[in-house]
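For reference, the structure discussed in these notes is given below.
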Amino acid sequence: MTPADLQQLLIERAPSVPGVTDAAKREDDSPYGLTVTFAGGGTVWWTITGASGPAPTVVADDGPETAEVPDLTGSPVPVASVELALVATATAAGADDPSAGVFRVDRYSTRPNPPAVRYGATLECRDGWKLFLSCYGTARPGQSRPEQPFQPQSHV
């Protein structure tokens, strides 16, 4: 699964997550950016990057723990829950194409010491791609753009 594949998958499937009203390509120069908009008016911007390598040896039952897609209809919406929803949506897609599906996930918000990019995930795919989903910024209802890119708020 390439960065473009993940972007398209999330654009198509994220709006089915309760509380998400839209997922679209970011309106800037980020080739694989993603904007997720919520019923309450908040928005979260994401960047998708990746690197490819040889396909890893994956045991047949090796795969990420399946996570239930969270309900994002409340207000405010925790960005960690948005992260979980996008990861759950991406890993569920592996059922459609097991050869390119995700077999390992590292969610940044669940680490004991989160990295500088506090919300996001590394998705390792069976076809050799390693994808990086990173939160670029957030905007609460009434804001049109993130006030501080790269330093997202914990809720939108």
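Mind listing whichever residues of segment 41-55 are of a type in the set (A, V, I, L, M) and surrounded by 14 or more Cβ atoms within 10 Å (Cβ to Cβ)?
Hits for segment 41-55 are V44, I48.
Just a yes or no: is a residue in segment 145-156 at pLDDT 90 or above, of a type in the set (V, I, T) and on the phi < 0 side of the Ramachandran plot?
no
Would you confirm whether any residue within segment 65-80 is part of a helix (DSSP H, G or I), at pLDDT below 95 and more than 24 Å from Q143 (Cβ to Cβ)?
No, segment 65-80 has no match at all.
Quick one: in segment 17-40, which of the residues that are surrounded by fewer than 16 Cβ atoms within 10 Å (Cβ to Cβ) and either in contact (Cβ under 8 Å) with a residue 40 or more places away in the chain or among the basic types (K, R) (or both) is nearest to C135 (Cα to Cα)?
The selected residue is K25.
A quick yes/no check of all residues on (1) over 17 Å from Y119 (Cα atoms); (2) assigned to a strand (DSSP E or B); (3) under 12 Å from the mean Cα position of the chain (by Cα):
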{"site": "D5", "(1), (2), (3)": "yes, no, no"}
{"site": "P15", "(1), (2), (3)": "yes, no, no"}
{"site": "D28", "(1), (2), (3)": "yes, no, no"}
{"site": "T37", "(1), (2), (3)": "no, yes, no"}
{"site": "G40", "(1), (2), (3)": "yes, no, no"}
{"site": "W45", "(1), (2), (3)": "no, yes, yes"}
{"site": "A51", "(1), (2), (3)": "yes, yes, no"}
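For segment 89-102, give me each residue that is surrounded by fewer than 19 Cβ atoms within 10 Å (Cβ to Cβ) and at pLDDT 85 or above.
Passing the criteria: only A92.
Criterion first (closer than 21 Å to A92 by Cα, modelled with pLDDT under 95 and not hydroxyl-bearing (S, T, Y)) does A24 satisfy it?
It is false that A24 is closer than 21 Å to A92 by Cα, modelled with pLDDT under 95 and not hydroxyl-bearing (S, T, Y).
The values are calculated or read from the model by the stated rules, or taken from the named source; none is laboratory data. This one's a predicted model, so the numbers in the text were calculated from it and none came from an experiment. Note: ideal-geometry Cβ built from the backbone for every residue, glycine included; neighbour counts use all protein chains shown.
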